[in-house]
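Reading through the structure tokens given below for one structure.
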Amino acid sequence: MKTVAVIVQDGFAPFEFGVACEAFGLDRTEDGIPNFDFRIVTPDPGAVQSKMGFSINVDLDLSFAYEADLVVVSPTPRQYWARSTSDERVGDVIRHAVARDAWVLSVCSGSFVVAASGVLDGRKATTHWMYADAMARMYPEVDVDPDVLYVQDGRIITSAGTAAGLDACLHLLRQELGAELTNKIARRMVVPPQRDGGQAQFIDRPLPEVASLSLAPVTDWMLENLRLDLTVDQLAAKAHMSPRTFARRFKADYGATPAAWLARQRIIHAQRLLEKTDLGLDRIAYESGFGSAAVLRQNFARVLDTTPTAYRARFCCTREAMEAAGVDAATAREAVLEPVA
């Protein structure tokens, strides 16, 4: 991914628009992160009014978006949500992007614009939980999930409200840049590098104000002991709770079961080891808690739709590690993730 076009229309939301600019538009070459050719486009160049009363001047029409590797759709007011009132020029850009296998990413209510183009028909998608019922009514052919931060279906990513758009951007960057570089971007933003797409958009109850009530010490211990066979009974004992109470509390706080959260953290750790070390697959599987290279491959196929070897070929950070792993360092950076048959 080298080129990014962000589409804005009158009534755009400044924060969500800024999320796309922050994720894809900053120069981070000093951190070893490649730049994107990042441009803001609009159907009718000139002053584009935000919903907060100020405007920005956009010089570019939609031409660049027809060639961009990623098309980002900013949130729009309700006047653009229906097929009958959406801008057909924007819809054409989105359909063209999907047809040529480019990425399409919407933030918050931008998903309505994507749905209006027709490319979400028969696919899963999400939007801000306040608007999920409206999307389901307006677009019954779209499988709307209101309880996730983002949804990826093919190369279309739709995200929920506000900060969830940043989660979706980081999710995409992990696929394009790898876990290590994306973690650097997240650190620059001072945000968590990853919240799972299956995590609830809002927490069922207020976060505990008393540190002793937090499960953070338990999750910190889990991260330090990924190689162990961790059970709910064992984790509940560390939290001084019954297994049933612990499982319920964990799901409420983290939006996933302890097993699902742990499995995702093991994948992330394996990704980093593949990128930064020359360890063999059996050792990486052991360090990550998968036990064997075969189980590691199965989890990579299920979660990332690729193999550990193909992932390393694309994202390995050092020439020495590439060569030790038997990867051609001259061509590894151009490698495309190998899909699993």
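The values are calculated or read from the model by the stated rules, or taken from the named source; none is laboratory data. What you are looking at is a predicted structure, and each value in this text was computed from that prediction instead of being measured. No Cβ is skipped: glycine too gets one built from the backbone with ideal geometry, and neighbour counts run over all protein chains shown. Keep in mind that these areas ignore ligands, DNA and RNA; they rest on the heavy atoms of the full protein, side chains included. Shrake-Rupley method; radii C 1.70, N 1.55, O 1.52, S 1.80 Å.
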Calculate one ³J(HN,Hα) per residue across the stretch 79-91 by plugging θ = phi - 60° into the Karplus curve 6.51 cos²θ - 1.76 cosθ + 1.60, and present them in order as whole Hz with x for glycine and proline.
5, 9, 6, 8, 4, 6, 10, 6, 6, 4, 5, 5, x
Computed for the chain: size of charge dipole around the Cα centre, +1 on C-beta of each Lys and Arg, -1 on C-beta of each Asp and Glu, debye to nearest 20, value 840
Check Val72: other-chain or 5+ apart residues with amide H under 5 Å from its amide H, H built from backbone geometry?
Ala5, Val6, Ile7, Leu105
Mean separation of Cα contacts under 8 Å (at least 6 apart) over the residue count of the chain, i.e. the relative contact order in percent, is 10
Packing-based order for 41-53, 250-262, using average beta carbon neighbours within 10 Å, highest first:
250-262, 41-53
Tell me the Kirkwood hydrodynamic radius of the chain in angstroms, computed as one over the mean inverse distance between distinct C-alpha pairs.
21.4
Neighbours of Asp31 by Cβ distance under 10 Å: Lys/Arg at +1, Asp/Glu at -1, summed charge +2
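Roll a 1.4 Å probe over the protein chains and send me the accessible area per residue for the stretch 63-180 in Å².
Working: 4180 Å² over 118 residues.
Dividing the accessible area of the stretch 63-180 by its residue count gives 35 Å².
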Out of all DSSP beta bridges in the chain, what portion is antiparallel? Express it as a percent rounded to 5.
30
In Hz, Karplus ³J(HN,Hα) per residue of the stretch 233-246 (6.51, -1.76, 1.60; θ = phi - 60°; x = Gly, Pro)
4, 5, 5, 5, 5, 5, 8, 6, 9, 6, x, 5, 5, 4
List the relative contact order of the stretch 1-91 as a percent without decimals, with contacts defined as Cα pairs under 8 Å and 6+ residues apart.
40
Which residues qualify? For Ser50, with a placed amide H closer than 5 Å and at least 5 residues away or on another chain, they are Gly11, Ser55, Ile56
What does the highest-first list of 103-116, 230-243, 172-185, 58-71 look like by mean Cβ count within 10 Å?
103-116, 172-185, 58-71, 230-243
Fraction of antiparallel bridges per DSSP, the stretch 47-161 only, in percent to nearest 5
45
Among Ala239, Val41, Gly53 the positive-end extreme of the charge dipole of the chain (Cβ point charges):
Ala239
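Taking all protein chains as present, what is the carbon and sulfur share of the accessible area of the chain, in % to the nearest whole number, probe 1.4 Å?
Working: 8380 of 16000 Å².
Ligands and nucleic acids excluded, carbon and sulfur give 52 percent.
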